[in-house]
Structure formats: structure tokens, C-alpha cells
Amino acid sequence: MEERSRGHSGGAFDLSNSNKHRVFIVHGHDEAPREMVARFLLEVGLEPVILHEQANRGMTVVEKLQANANVGFAVVLLTPDDEGKSSTEGQLKPRARQNVILELGYFVGLLGRDRVCALRKGVSKYRLTMWVSPTQSLMGLELGGSR
């Protein structure tokens, strides 16, 4: 039986066996975690998909993201590449880049919560709201060397 998920446009998105081995890596500016995760995926027989390594073919970033999102799983690297604060806070705090947060939501909507893993490094847990299942909240996985 062919597996399908409801995609962002409401249409079925192919999650067949031919795509389950592909894992999209969402990342910010910190190259070390991206390379570490990509190497790990290769070692276990999976194909990492890194957006900036894919051909542009005249597409916008959003079009390129959609064209390369036919994957079985996504790993989102939340690294402290930006700083930000709410209007009530005094100090800037490390945060993931806003495009990374957008892509996290994109893949949760596209693939479902059970096919997305968020790994954080130096980004506060309480600033993230991501439910991976009804019984398990934020993925508490951390990349080494947190700030």
C-alpha cells in the first residue's frame, strides 16, 4: 500500500518507499552541526538533502524548497545564529534563524509531527513549541557544545 500525507496545498504528498530514504536537513549558519548530521545520515544509509547543495534552475527559494521537499523525514537544526527578544524583555537572547523556524513549520505541516526531528544547540527550550506526539513534547535532543 502506498503511503501518502496531506501536503501544504491539501493534495496528497508522496511518501512512497522511493522517498523514505531521503532526509531534508534544515539549518542556519552553523555548518558543523549540518555536516555532522549529514555524515551520520550517510553512515546509516540515508540520503541527506541540503537545500543550498541543490540546483537553483531559476527558482525562488520557496520554489526550490518545494521542489526538494519530497522526502520521508526532516531534521531541523536550531542553532543560535540570530538574537532576538520580545518587546517586554530587556536583553537579546540567542535564537534560531527565522527561516529555520518557518521551514520547521513547513515540514511539520507537510510530513507530520512524527516525521520531523528538531535538534537544538544553544536555543532555549521554552522558546520552542513543537509537539511530536500527544504523549511527548519538545524533542529534548541537543547538539554538543551548547553556548
Enter the accessible area of His27 (Å², nearest 10), with the probe set to 1.4 Å and all protein chains included.
40
Using θ = phi - 60° and the Karplus curve 6.51 cos²θ - 1.76 cosθ + 1.60, what whole-Hz ³J(HN,Hα) does each residue of region 60-75 get, with Gly and Pro shown as x?
6, 4, 5, 4, 5, 4, 4, 5, 10, 8, 7, 10, x, 7, 9, 10
Would you mind getting me the FRET efficiency between Asp114 and Leu42? Use the beta-carbon distance for r and R0 = 30 Å, nearest 0.05.
0.85
Among the GluC sites (Glu not before Pro) within region 32-123, which fall in a DSSP loop and have no more than 11 other Cβ atoms within 10 Å of their own Cβ?
Glu89
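The values are calculated or read from the model by the stated rules, or taken from the named source; none is laboratory data. Keep in mind the model is a prediction, meaning the values are calculated, not measured. Neighbour counts run over all protein chains shown; Cβ positions are idealised from the backbone, glycine included. Each accessible area value is taken on the protein alone, full model and side chains, heavy atoms only, with ligands, DNA and RNA left out. Shrake-Rupley method; radii C 1.70, N 1.55, O 1.52, S 1.80 Å.
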